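What follows is calculated from the coordinates using simple rules that are stated; it is not laboratory data. Quick caveat: nothing in here was measured; it's all calculated off a predicted structure. Glycine also receives a Cβ, built like all others from the backbone with ideal geometry; neighbour counts cover every protein chain displayed.
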Amino acid sequence: MTTAPISSGAELAAKREPHEDYVHQHHWRNAADEAEAAKFGMWLFLATEVLLFSGFFCAYAWGRMTHYGTWREASHAYLDWKIGAVNTVVLLLSSFTIVMAIRELQLARKWRAFVYLGITNLCAIFFLVAKIALEYLPKLQDKKLPGANFWYYNPHGTHDHLFMSVYWISTATHGVHVLIGVLVISWAMYWTARGRYGPKNFMFVENTGLYWHIVDVIWIFLFPMLYLV
Amino acid sequence: MAHDHDHQTENEGLMPNLEHDEHAHDDHGHHVHVTPFMPMLLVFVGLLCLTALTLWTAKAEYFYVSNSVNLTVALIIASFKGLLVAAFFMHLIYDKAINTVVVVASMFAVVLFITITMIDIGTQDMVDKTEKGEIAVGGSVQIQVDESGNRQVTRGVYSPFWSDNPGLSIVEQAKNDPENVKKYNKSHAHDDHSGDDHSGGDH
Amino acid sequence: MASLSTHIVTLGAENLSWWERFWFRESGSTFADSTDAVYNYIFWVSAIFFIPIVGMVIGFGIKYRRSKVGEVAEVSPSHNTALELSWSVTPAILMAIMFFWGFKAYLSKLVAPVDAEPIYVTAYQWGWNFDYADGYSTNEFEEIAANPESPIIPVQVGKPYKMIMTSRDVIHSFYVPAFRIKRDIFPNRYTVLWFETTDRITHYFDEDDKSVVAIDPDRPGYYLFCAEYCGDQHSQMAGRIATLSPEDYNKWLEARKDTSGINLIELGELVARKNGCFQCHSVDGSAKQGPTWENLYGSEVPGWSPSAAVAEGATPGVAERGYIVESILYPNEYARPGFAIGQMSSFLGQIEGRELDAVVFYIKSLSGDFAAQAEQEAAAELEQQLSETEGDG
Amino acid sequence: MGHHDRPYYASKETLWKTIWSWIYTVDHKKIGVMYLCAVLLMFFLGGVFAMALRAELWEPITNVTKQVQAEVQATDDAGRLVYENGAEVLVPVLNDDETPVLDADGEPKVEPKKNDAGQKVNAEGEPLGDPVMTPEVDADGNPVYEEVIEREGELFKGWTSESGTVNSNNVYNRLFSLHGTIMVFLFIIPAIPAALGNIFLPIMLGAKDVAFPKLNLGSWYIYIIGGLFAVYSLIAGGVETGWTFYTPYSTSTNWGSVTSMVLAAFILGFSSIFTGMNFIVTVHKLRVPGMGWFDMPLFIWALYATSIIQVLATPVVGITLLMLVFERTLGIGIFDPALGGDPVLYQHFFWFYSHPAVYIMILPGFGIVSELIAVHSHKRLFGYRAIAFSSIGIAAVSFLIWGHHMFTSESPSANVVFSALTFLVGLPTAIKVFNWTSSLYKASISWTTPMLYAAFFIFCFTIGGLTGPPLATLATDIHLHDTYFVVAHFHYVMMGGTVLAFLGGLHHWWPKFTGKMYNENWARLASILVFIGFNITFFTQFFLGTQGMPRRYATYVPEFELLHKISTFGSWVLAIAFLMHAVVFAFSLAGGRRAPRNPWGGLTLEWYADSPPVEHNFSHEPLLTHGPYDYDLVVPPGWDPADYPLPDPEAVARAHGH
């Protein structure tokens, strides 16, 4: 298969792809309504995601407020901001590429879209691998674990186990979201290659993109809070 | 339809004409807004710059004002980044207003949740203030592990709001408190690291 | 129907008509009446709204009952701005009054007077510990709500008291219905609550028995309840506040203050009762949550070795002084076979010095093999103490 | 397909295909009916627990620490008693001359069999007690702490004490916790939106289905998974934390199955979120052409407001419960004071959802009552817009007032703020009640069962609402907090409000979705009994509360005995009434009269559909020609115009100010 776009009408007629025959579901009056509703529903879901993470932000605010003597120290002592910064850039890049993937689908260039989705997925996998290999595993070995399992010698702090709790549960929940993102983007890649998505039917990829952006936005907040200040 | 756009496969580097070129039409004539390339690239570059700005303000020593000021600055930059992503990458400015309403409502709920909770947490001691030096016995446990892996269990927690020196870390306050010095020294008799080492250090 | 008569007695207490006490039990504190006043205001406002609403439902229901199938309703306006505004604004004003009145009455409950006498309250699963300012504790008990170990808290009538409260394990709540006060008690934190009783004296001090006794057995003091659910025996965490005249109160204080003359074994029993040990430990061999103390001293404790805190002179594997001290101060270091870790909270800083010795002696005296020895030693200690006191004097 | 003429639940060729058609259905009506069955089952279960806990409170336990021996299971070969857990063997105490020692009652005195070392033994002579718990040690020989010792997995653990005896405290604590958890998470939150809402929201909008039918089915399966978790924890020992799971008690208790119950509530939250999302999008996007926002029935308005809360509040309880699970499994310590955490923070987390959740429970009830009053009195509702906007207003205010659950635990400054804000919610609620009452003026009221329930709702909910101000006022709430006054208040709102509205709605729409009529007279009798039993049960509890009886008490001081007895008696009346309802419904299903298209003369779109509706609700997309409550302008479908003389159009125009 070539990644070059199909450029002639004759070729297109010969290779009619599934997305061109897309028909909306029976209970919708037209495809526009269906697409708008799908996006609206996705936004509602994203609102629930934001509120889900607000619990971690609130726990962070609480720790920052009541234990702030040790909170910042623990952040500087235990977390490597360079890893966090690289991961931030990687996530921003992946957000950009998934936007581009949607653009290519809207312009009916499925192999370009496929490549963009692939880059997004590679970024996501890079994020996860960096997180696990460079952050989680060393911390597991040092027993820098959440709460009661925190077993690391620290000469001056007593509440860094709580900081580590917030760090672990928020980044792990975020990591699970990234993992789900990898699976969903892979699904989108598979069906893009099979020609399901195109100008008439790209709602799934667009919603995947929305989901992926919210994962990015949450990391945009987690990064300075946990790693920097 | 795809073949409407055949003529502009390669040369779209510049800002495209949104009205004519970048709207695909389906059979029912409803508009599909095609994501433009250049604004998105600019937003991406802007996000990278803002990330660099965050790192600079957080890490440059001459920029350090205080914990809370620097956190606020970092969060303001982060909010701006989030706004860019939501408005452009997530198409909010191109879409129906109802999606923005959903975002604003959720943000409102988050802000409400965190601020009101913090108002309570921050004012817990305004009336129930007890004399300095009183440590609750029993309920609170703090765990420290010394170099040889022994686990030290210290009881009692100081709230920074009860203290004269709210800037100090909680354990510093506990250690400096004459009421508590005796107890603390006893439990750290064989611990050489109970000094004022503030540096932390990278494991 | 004893319960009915008891109920009516409660309703009709304190010189007030039964109607004025229809909702509440008698007022035992200075701010109970202001609370009741707010409540009565809300009650009457509610009644003024409730009766017309229900009256209209019943009245319209009868008058406009459909007499024939298919009959259509008469035409009436579908909205009326003036009416709708009036029934929005009126409740708003009435509720604003509720808020401000309630807030005002709340403020008086909030800030304790400067001269309030502090009592340090420690709540635990499932009991209370009351330490008075001079460092001695109440150890008056009676059976309330199925708990034979419910404490009586003697206070001086008409004097403000400030309860400085903390918890050893989970959240509890200090609630005296007659005082209309309540405040949650947290581990790891102090909360404060204050009250001043009315002039009713409920108890007197019995010189012979060295204890407080209710004047009227039907109305003995004011109930204290734990109002925040705290586990298994939540409903048995009751107590009584007893008001004494200043003279009797001082006599009671004197009697409580001096434990030096008490035999170690008796003191041990007092300390154990005060700290609620008998909630979980029996002294007759029967099974409770914790091991029985009968024949505990000197028995084998497989797997136990003294921790660093009590290493000196403790014998591994035998329940002697070291084991008992560790069990009191660091109960979660080790659990006896058949008992779970985490059931008991630490008494570190609560029981110390002579009191700690006393508990050990008391447990020792419950062991047949060691009872005689314990009594001998305790008597010797008392004798020595007395001679020292005489020497000082 | 045949979906233009056959009822939605019509059976397929084979039984297997019929079952399959339900398992894989994306039809909102079938999903709603499946929800209804599940929810009613849970209501029964929660009701059983309620009856049991009321029975436990019949009289105070005079000495609970003296435990009652469990029933004897068997005797061993020598005729000696053996207890259920095979634990203890009792042997007679013998005198020196080998004759049994007699106790005061003249019965032979027995004592546990012991071995030479003095340990109690079982029939096999093995020492009793749990396996020896040696503390786990690390490499250096220091004991390893575990924050929580999980004892999950043992069947019915904790209902009895170690020695096989019944512990009243334990039983009571589990009863009220399970009653609360099941009723809140498994019954009342999904009851109206997910069951009745699912069936009727699309029909009332004139849509073929909800916006996301597969998500709808998914939310039902999530509900079932959550329900299975709950049932598992029920069997595995139940919970004893109350439905609020307050820390640190819930993190430190090691009895029962708190973790699995918390997970159940977490999973059920997703079901609730997905239903809410679905409804919001459906209302926005699938209204029949011509139906503007103010042409929607008020039930839809109420469901819309409910869905907003479900979407915005439920995720927070999700993360709270997840953190509670982490707290129990990993010991993260954020809510645990033993690790420096803050239990008040947990309360904020919990109530940020659970206070709005109160309105998730009651708002759909408001919606149903609006429908009942309009339809059964053939009356245009007074102040339609006020009722609609007050639903949205309540939803908005509900996010501001959660702190009034914490007046005794949070800071006094926050108390003042929350007290003031709490009164705000009284206004829209009062407006609704006034509007309903005024709607009855000059109406044509038919006292059917649904209308009776609407009237009972107004009575009970008004009491429930008016007992709110004493709980919002600081001075009085300090006294009433965590007493039976609160119990009575929220039962008047939740049960006197939501459950009565639910029952009213069930009777109202029963002919529509089952296609069968029920026996009106028996149903009326049952509803009157529900009303009487409910008030006997819960009005007494107001007195208990003001007198100072704290809630969640397994036993109590003797003064409260009379009121508790009355309350328990009321619960029996209530139980009988509910059973009567069940029998009436069963008879209706078995041999009820075939329901006409429009038995009550309603004007909303569901009365234009068949009874029961066809698979896609309407044979043709309905054409909206009138508002939902235009009883003075339109003859209800299926009614004879001769029996339904419309008033003079000029009078109508005058009254409505056109």
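Quick notes on this structure:
- Checking the cross-link pairs D:Lys214/D:Lys285; D:Lys30/D:Lys208; D:Lys29/D:Lys214; D:Lys432/D:Lys512 against a 20 Å limit on the alpha carbon distance flags D:Lys432/D:Lys512 as lying beyond it.
- Other residues within the sphere of radius under 12 Å centred on the Cβ of B:Leu75, judged by their own Cβ, net out at +2 (K and R +1, D and E -1).
- When peptides A:87-97, A:19-29 are sorted by average Cβ neighbour count within 10 Å, with the highest value leading, the order is A:87-97, A:19-29.
- If R0 is 60 Å, the Cβ-Cβ spacing of C:Ala255 and C:Thr81 corresponds to a FRET efficiency of close to 0.25.
- Annotation for A:Ala193 and D:Leu41: the two label points, set 7 Å from Cα along the Cα-Cβ direction, are 4.3 nm apart.
- Counting only other chain Cβ atoms within 10 Å of each residue's Cβ, the peptide C:191-204 averages 1.
- Once exposed loop chymotrypsin sites (Phe, Trp or Tyr not before Pro) are cut out (DSSP; at most 13 other Cβ, 10 Å), longest piece of chain C: C:20-393
- Amide H partners (placed H, <5 Å) of C:Lys288, local residues excluded: C:Ser282
- Residues whose amide H comes within less than 5 Å of that of C:Val155, counting only those at least five positions distant or on another chain, are C:Ala242, C:Thr243, C:Leu244 (H built at 1.01 Å from N in the peptide plane).
- In order along the stretch C:278-287, the phi-based Karplus estimate (6.51 cos²θ - 1.76 cosθ + 1.60, θ = phi - 60°) of 3J(HN,Hα) comes to 6, 4, 10, 10, 9, 10, 10, x, 6, 8 Hz; Gly and Pro are listed as x.
- Estimated inter-spin distance, A:Leu137 and B:Tyr64, nm [label 7 Å along Cα→Cβ]: 3.3
- Residue-by-residue Karplus 3J(HN,Hα) for the stretch D:514-521, coefficients 6.51, -1.76, 1.60, Hz, glycine and proline x: 9, x, 10, 8, 10, 7, 4, 5
- Length gained on full extension, D:Glu59 to D:Glu650: 206.2 nm, using 0.36 nm per residue less the C-alpha separation.
- Using θ = phi - 60° and Karplus 6.51 cos²θ - 1.76 cosθ + 1.60, couplings along the stretch A:122-133 (whole Hz; Gly, Pro as x): 4, 4, 4, 5, 4, 4, 5, 5, 4, 4, 6, 6
- Spread over its residues, the convex hull of the C-alpha atoms of the stretch C:117-257 is 95 Å³ per residue.
- Kyte-Doolittle mean at least 1.0 and Cα axial length at least 24 Å: DSSP H helices in chain C: C:32-63, C:81-110
- The calculated FRET efficiency for C:Glu74 paired with D:Trp522, based on their beta-carbon distance and R0 = 35 Å, is about 0.65.
- Rounded to 10°, Cα long-axis angle of helix A:68-78 versus longest principal axis of chain A: 70
- Gaussian network model of chain C, springs between alpha carbon atoms under 10 Å - residue of C:Thr243, C:Thr166, C:Thr81 with greatest fluctuation: C:Thr81
- Only Lys, Arg (+1) and Asp, Glu (-1) charged, at Cβ; the stretch A:110-229 dipole about Cα centre in debye: 520
- Counting only Cβ charges, +1 for Lys and Arg and -1 for Asp and Glu, the dipole size of chain C around its Cα centre is about 2820 debye.
- Computed magnitude of the charge dipole of chain A (debye, nearest 20; Cβ of K, R +1, Cβ of D, E -1): 260
- When each of the peptides D:632-641, A:71-80, A:49-58 is scored by how many other beta carbons lie within 10 Å of its residues on average, the order from highest to lowest is A:49-58, A:71-80, D:632-641.
- Between C:Ile119 and C:Lys162, C:Met163, C:Ile164, the built amide H atoms are under 5 Å apart, and every one of these is 5 or more places off in sequence or on another chain.
- Mean-square fluctuations from a GNM of chain A, with a 10 angstrom spring cutoff on Cα atoms, peak among A:Lys39, A:Lys144, A:Lys82 at A:Lys82.
- Partner chain coverage, peptide D:245-251 - average Cβ within 10 angstrom: 4
- Mean per-residue shielding of peptide A:168-180 is 1, counting Cβ atoms of other chains within 10 Å of each Cβ.
- If you plug the beta carbon distance of C:Glu381 and B:Ile93 into 1/(1 + (r/R0)^6) with R0 = 51 Å, you get a FRET efficiency near 0.05.
- Put a dot 7 Å past the Cα of C:Ile93, heading toward its Cβ, do the same for D:His620, and the two dots end up 5.7 nm apart.
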